[in-house]
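Read through the structure below, which is laid out as structure tokens, and then see the notes.
The values are calculated or read from the model by the stated rules, or taken from the named source; none is laboratory data. Just so it is clear, the structure is predicted and the values come from calculations on it, not from any experiment. Positions of Cβ are generated from backbone atoms using ideal geometry, with glycine treated the same way; all protein chains shown enter the neighbour counts. Quick note on the areas: whole protein, heavy atoms, side chains included, nothing else; ligands and nucleic acids left out. Shrake-Rupley method; radii C 1.70, N 1.55, O 1.52, S 1.80 Å.
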Amino acid sequence: MAITVMEVLKNLPRTNCGDCGQATCLAFATRVIKEGEDLDKCPHLTGAGADMGQAVRAQQEAGVGRRRESLAISLEVLQEKVAPLDFAALADGLGATYGEEAGRPYLSLMYFGHPVQVFKNELRYPAGAHADPWDAILLYNYIASQGQEPVAGRWIAYNSLPNSVSKAKTLARLEQKLADHFAGQAAGLKERIGELGGEMVAVGEDADVQAVFMPLPKVPLLLSFWDAEAEEGFAPQAHWLFDVSVTHYLDLESMLFLVEHLMERLMGE
């Protein structure tokens, strides 16, 4: 018998603490079963809940219970949105290169340091790269923005963006996770930044580590990290800032997705 949303919920703490990134335990349980969310994102699993993880992962891998159509529908909507666009006219503004294959237009651009080709109904990864359907949704969102705004080099916080209040808590939890992971390991963070092609910078803040990443050609991200100071009683901190032009290229959800993916690479997950 397949594990259901309610069975997962029974094994969660049901405190609606939000530590998993969802507003309620029910919302998290639903995402675990329907969307393939990692059950281990709940840091409070004990007993039967902790033992359930392997069975849930096997069920997810088999596709049992998953609401696959939601991703497919979102992707189809975005592909319909970009279908009438003139890729050749958009290429420069998006930091991409225009090309054609058998009469099919595509945009070639760098995504997390790797070249991808985005056709109007297909996303093509480089050989050996892992395909993630959420990557496709983000990249089509990026193209559908038709962004032509120059990168300004001025940084803003996520919570200063319109309608970001409810989602800012999720970013804060991601930032704390990154800070805790690299606490006492500033040198290790610098090494990972170099391996991922980040550029060390000093931008107006007295941070222990600062770096700029370019996960997309026109979407730079600035990371500032302050290591723990045990003697002073300061906990480690990490903050992400966005260029003021970011809303011309991505929506709020896509920004969070981009940060989370970059963090996974930094932490080697």
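For E264, state whether it is open to solvent by 10 Å² or more (accessible area, probe 1.4 Å), modelled with pLDDT of 90 or more and within 17 Å of the chain's Cα centre (by Cα). Here the answer is yes, as E264 does meet what is asked.
When the residues of the range 231-249 are filtered to those that are open to solvent by 10 Å² or more (accessible area, probe 1.4 Å) and closer than 24 Å to G93 by Cα, the one that is nearest to the chain's Cα centre (by Cα) is L241.
Counting only residues that are open to solvent by 50 Å² or more (accessible area, probe 1.4 Å) and outside any loop (DSSP other than H, G, I, E, B), the range 137-166 holds 5 of them. None of G93, G99 is surrounded by 13 or more Cβ atoms within 10 Å (Cβ to Cβ), part of a helix (DSSP H, G or I) and not charged (D, E, K, R) except G93. Residue selection: E195 satisfies the criterion of being among the charged types (D, E, K, R) and either open to solvent by 80 Å² or more (accessible area, probe 1.4 Å) or over 24 Å from E37 (Cα atoms) (or both).
For the structure I just gave you, tell me whether D92 is at pLDDT below 90 and under 26 Å from S245 (Cβ atoms). No, not satisfied. Taking the range 123-136 on its own, how many of its residues are out of contact with any helix residue (DSSP H, G or I) (no Cβ under 7 Å at 6 or more places or on another chain) and either at pLDDT 90 or above or part of a helix (DSSP H, G or I) (or both)? Matching residues across the range 123-136 total 2. Among the candidates F182, F213, the residue that is within 17 Å of the chain's Cα centre (by Cα) and among the aromatic types (F, W, Y) is uniquely F213. Reported count of residues in the range 102-116, each being open to solvent by 50 Å² or more (accessible area, probe 1.4 Å) and assigned to a strand (DSSP E or B), is 4. G188 meets each of the listed conditions (1) open to solvent by less than 50 Å² (accessible area, probe 1.4 Å); (2) over 14 Å from L241 (Cβ atoms); (3) part of a loop (DSSP other than H, G, I, E, B); (4) free of Cβ contacts under 8 Å to residues at least 40 places away in the same chain apart from (3).
Examine the range 230-238 for a residue that is in contact with a helix residue (DSSP H, G or I) (Cβ under 9 Å, 6 or more places away or on another chain) and outside any strand (DSSP E or B), and state whether such a residue exists. Checked the range 230-238: at least one residue is in contact with a helix residue (DSSP H, G or I) (Cβ under 9 Å, 6 or more places away or on another chain) and outside any strand (DSSP E or B). For the range 6-35, a tally of residues being in a loop (DSSP other than H, G, I, E, B), within 21 Å of D51 (Cβ to Cβ) and open to solvent by less than 40 Å² (accessible area, probe 1.4 Å) returns 2.
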